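Novice: Let me begin by handing over the structure; questions about it come next.
The values are calculated or read from the model by the stated rules, or taken from the named source; none is laboratory data. Owing to the predicted nature of the structure, the values given are computational and were not obtained by experimental measurement. Backbone-built Cβ (ideal geometry, glycine too); neighbour counts: all protein chains shown. Just the protein is used for accessible areas: all its heavy atoms, side chains included, with ligands, DNA and RNA removed. Shrake-Rupley method; radii C 1.70, N 1.55, O 1.52, S 1.80 Å.
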Amino acid sequence: MKQSSTQLRYSALDMETFFYPESIVIFGLSAKEKNVSRLILANLIRWGYRGRIFGVNPRSAERHVNGIKMYHDVRELPEVPDVAVALLPARFIPDVVRACGEHGIRRMAIPSGGFNEARGGGKQLAEDLLGAAREHGIRFVGPNGLTIANTANGLCLPFTPLYRPPQGGMSVITQSGGLGLSLWNLIADEHLGLAKFASIGNKIDLDEVDFLNYFARDSDTEVICLYVESLSNGAALVEAATACTKPVILYKANTTGAGSKAAMSHTAAMQNDEDVIDAALERAGVIRIDTFSDFVSVTKAFRLPPMRGNRIMAMSPAGGFSVIMADLCAQAGFAFADPGREFYEEVATYGNAGIIDVSNPLDMGDMYDPKATADIFHAALHNGNVDGAVYVNQWPRMPVGNDIFSKMFHTDLSQETTGAIRSADKPLGVCLFGPSKIVTKIKSNLSIPIFDTPEEMIRALKIQQQFHEKKRAGAFIPSRPDGIDRQQAAAWLDSHEGSRGEEVLELLASYGVKVAASLVATDGDNAVQAARQIGYPVVMKVVSPDALHKSEAGGVRLDIRTDEEVRATYADLAASLLAYNPQARFEGVRVMAMAGPGHDMFVGGIQDDSFGPVVVFGYGGIYIEVFSDTQRALCPTSHDEVAEKLKTLKSYRIIEGTRGKAAIDNTTYVDLIVRVACLLADFPEIRELDLNPVRILEDGSGVLALDGRARIEGNSLS
């Protein structure tokens, strides 16, 4: 029902009219107290929307609703509205869409539920809705969502009564309308402000990618917050987010079996592979958060100037917070800045008793003069060795007084702090503790963000720093090594389909993957000839389409060194196969050169329904499922991306060399992964690929693919 990721995306101009309509028609409008459509009208009036509004209700005899003229039929309207809103029982919606299309309306907001998230005929109604819209060239948001809002012009189409939130730079795309509205309350308290809002519900037509593309170009939007329960067009999302220069913050629910069950009844969301999503979002530079509150904390960080390096200065008048921030900064991966001798000499002059050694983190507990704090902020941010700073303090409830502590804690330094940030064009994260009413009031009067805890501040600032670092690195450029014969691979695939075993190594060889020399023998004498031709010692493996997992069938023998052993092993492998499965088809034995010692790794691949081809790599051998030490990358990938991901594996310490063993050069393993990724990208008919083991040889001679299997659907011609 949903179009594929290659669908034609809604143009920015058309989406602009969605958010800036000059006229709106509301279907089902009535003055009755329980009429929900009336609440949409009330929101438009309350928010100050200045365009024309019409009402259509064939069952109502009312001349007007709250002054809005009513019509019985859309064809009676004096003009063709830019946007139609239809909040009606689901069974009526397809006919309303057709009527709108016949009248020339091309944009609709459909908040009604009861479609593919519902039982019974909901799925069929969803198909009827989409069919009616496609027939008349209508694009719509929904169903089963609150649809759209725009603080710039007072557009508010949600059906819950709402006050207009403060205007700001955050735009929200959400599958859950209720969750989106909860975010409004948070950003109001944090004095962040909303630009635009899109509650996409079941996203049968317009989805998160359409709105992401628009918000990326929208001049009012500075940060894009995205809540989803499924990613049906993952490849398109990666493309859109990669092209977007603004931070995209994503919270994905539906990551567990319980979440999946709830999501199906909520927005008809299907579950995705979370590891694939992580790899895709990392490639695209999307910021994936784990808690709902991170929408706010991370957005706060992006209200500060970009942190252009990793060197941080931590400061607090409380020694305990200095210690806490030292731990947090180190855990986040920040480097502690060294502002130099002159900076510390200046700071030392502000001390009252001179009993605290100045360092980074900086304990300012001996500095009672608020002016000293302002001077230190200025000096730290304008220091060439400092890329950003964090500061924790409190505004406690204290008796009124004129003592030094009242002045130290209750002096307003907001102008000096803001000035230092703007002048140096560097971030200074400020965390302030105190009674909630006082802190909320302080936040509402400032143009810089105030964080609630050191943890959220340092985590958010690190996310900001990494985002800007990735964007400065430029667009991702995939690698394509030499020695790839795509035509030869296509020819092999044209003659092989279904589940395939070790012969898949022939396919890999056409992409420059080094494989162990091997021959297939169909009797004992052939096996001896093959072993002599390859050279002893050899490995022998059963060949059977019914035993792709050879070790489970007892179908592998190692270190065979004589002709007699070859003949005996041939017969033994045939007997082991029949013992494993009496109906198994025995097609012979593969005789393979025995590889030297090394580290057994794994390389595989899948075709993800949402994100396309994905290469998987990591620790291999017979315990691959036990240790689950793997990483993923979208295909095609690059040597640099694979090398960085390889370092995150637990098994990387083995490759580096442990317990006196020398480190092993993994460059050939990285290159093999890149080649497999190219193969998966070139031939999507390879639905699954499993190379295990892939041995990195200890002698430094490279890497060998020793075994493999694949599932191939269709062929390269189709």
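Novice: In whole percent, what relative contact order does region 1-124 give with Cα contacts below 8 Å and a gap of six or more residues?
Specialist: Working: 166 pairs, mean separation 28.2, N = 124.
Reported as a whole number, the value is 23 percent.
Novice: Here's another thing I want to ask about it. Could you give the length gained by full extension between residue 447 and residue 123, i.e. 0.36 nm per residue of separation minus their alpha carbon distance, to one decimal place? Write down the numbers at each step before the final one.
Specialist: Values: separation 324, 0.36 × 324 = 116.64 nm, distance 4.81 nm.
Here the segment from residue 447 to residue 123 would lengthen by 111.8 nm.
Novice: 222 nm [θ] for the chain, helices only, -39500 (n - 2.57) per DSSP H run of 4+, per residue, to 500? Write down the numbers at each step before the final one.
Specialist: Working: 25 runs with 266 residues, N = 718.
It comes out at -11000 deg cm²/dmol, rounded to the nearest 500.
Novice: Quote the FRET efficiency, to the nearest 0.05, computed for residue 23 versus residue 278 with a Förster distance R0 of 25 Å and r equal to the Cβ-Cβ distance. Don't skip to the end; give the middle numbers.
Specialist: Numbers: r = 44 Å, r/R0 = 1.76.
Plugging the Cβ-Cβ distance into 1/(1 + (r/R0)^6) gives 0.05.
Novice: Shape call for region 52-191 from the C-alpha gyration tensor, a ≥ b ≥ c root eigenvalues: rounded (a/c under 1.5), prolate (a/b greater than b/c) or oblate? Kindly include the intermediate steps, with their values, before the conclusion.
Specialist: Numbers: a/c = 1.96, a/b = 1.30, b/c = 1.51.
It comes out oblate by the Cα gyration axes.
Novice: Sort 418, 648 from largest to smallest accessible area, using a 1.4 Å probe on the heavy atoms of the protein chains. Intermediate values should be presented prior to the final figure.
Specialist: Details: 418 25, 648 90 Å².
From most accessible down to least: 648, 418.
Novice: In terms of the Cα gyration tensor, with a ≥ b ≥ c the square roots of its eigenvalues, is the chain rounded because a/c is under 1.5, prolate because a/b exceeds b/c, or oblate? Let's see the in-between values first.
Specialist: Details: a/c = 3.03, a/b = 1.30, b/c = 2.34.
It comes out oblate by the Cα gyration axes.
Novice: With contacts defined as alpha carbon pairs under 8 Å and 6 or more residues apart, what's the relative contact order of the chain in percent?
Specialist: Working: 1475 pairs, mean separation 63.1, N = 718.
Relative contact order for the chain comes out at 9 percent.
Novice: Now for a separate question. Assign unit charges at the C-beta atoms only (+1 for Lys and Arg, -1 for Asp and Glu), then state the dipole size of region 456-517 relative to its Cα centre in Debye, rounded to the nearest 20.
Specialist: Numbers: 9 positive and 9 negative charges, 142 e Å.
Result for region 456-517 is approximately 680 debye, rounded to the nearest 20.
Novice: Of the DSSP beta bridges with both residues in the chain, give the percent that are antiparallel, rounding to the nearest 5. Provide the component values of the computation, followed by the final result.
Specialist: Numbers: 52 of 101 bridges.
Taking every DSSP beta bridge with both residues in the chain, the antiparallel ones total about 50 percent.
Novice: Give, rounded to the nearest 20 debye, the magnitude of the charge dipole that region 292-397 has about its Cα centre when Lys and Arg contribute +1 at Cβ and Asp and Glu contribute -1 at Cβ.
Specialist: Working: 7 positive and 12 negative charges, 98 e Å.
The calculation lands at about 480 debye.
Novice: Can I ask one more? Give the residue from 549, 83, 179 lying farthest towards the positive end of the charge dipole for the chain; charges sit on Cβ (+1 for Lys and Arg, -1 for Asp and Glu) and the dipole is referred to the Cα centre.
Specialist: Of the options given, the answer is 83.
Novice: Pulled fully out, how much extra length does the chain show between residue 440 and residue 167, if you take 0.36 nm times their separation in residues and subtract their Cα-Cα distance?
Specialist: Values: separation 273, 0.36 × 273 = 98.28 nm, distance 1.77 nm.
Additional length available on full extension: 96.5 nm.
Novice: Could you tell me the accessible area of residue 179 in Å² (1.4 Å probe, neighbours in place), rounded to the nearest ten?
Specialist: 40
Novice: With a 1.4 Å probe and all protein chains kept in place, how much accessible area does residue 707 have, in Å² rounded to the nearest 10?
Specialist: Per-residue accessible area (residue 707): approximately 20 Å².
Novice: Report, in listed order, any pair from 550/647; 441/470; 300/471; 471/647; 514/541 with a Cα-Cα distance greater than 28 Å.
Specialist: 550/647; 441/470
Novice: Further question on the same structure: Run the paramagnetic zone check for residue 536: 7 angstrom along Cα to Cβ, then residues of region 584-625 with backbone nitrogen under 17 Å.
Specialist: The answer is 591-595, whose backbone nitrogens lie closer than 17 Å to the label point.
Novice: Now for a separate question. What is the spin-label model distance, in nm, from residue 423 to residue 665 if the labels are put 7 Å beyond Cα along the C-beta direction?
Specialist: Each label point lies 7 Å from its Cα, and together they span 5.5 nm.
Novice: What distance in nm separates the simple spin-label points at residue 609 and residue 385, each placed 7 Å from Cα in the Cβ direction?
Specialist: A separation of 5.7 nm, rounded to one decimal place.
Novice: Taking the Cα centre of the chain as origin, sum charge times position over the Cβ atoms of Lys and Arg (+1) and Asp and Glu (-1), and report the length of that vector in debye to the nearest 20. Present the calculation step by step, with values, prior to reporting the outcome.
Specialist: Values: 71 positive and 88 negative charges, 493 e Å.
Dipole size: approximately 2360 debye.
Novice: With every protein chain present, what accessible area does residue 391 have (1.4 Å probe, heavy atoms only), rounded to the nearest 10 Å²?
Specialist: Accessible surface of residue 391 is approximately 20 Å².
Novice: A further question follows. Using the Cα centre of the chain as origin and beta-carbon charges of +1 (Lys, Arg) and -1 (Asp, Glu), tell me which of 681, 143, 104 is placed farthest towards the positive end of the dipole.
Specialist: After comparing all options, I get 104.
Novice: Next question, about the same structure. Suppose we take every Cα in region 424-508 and form the convex hull; what volume per residue is that in Å³? Before the final figure, lay out the partial values.
Specialist: On the way: hull volume 20.3 nm³, N = 85.
So the per-residue hull volume is 239 Å³.
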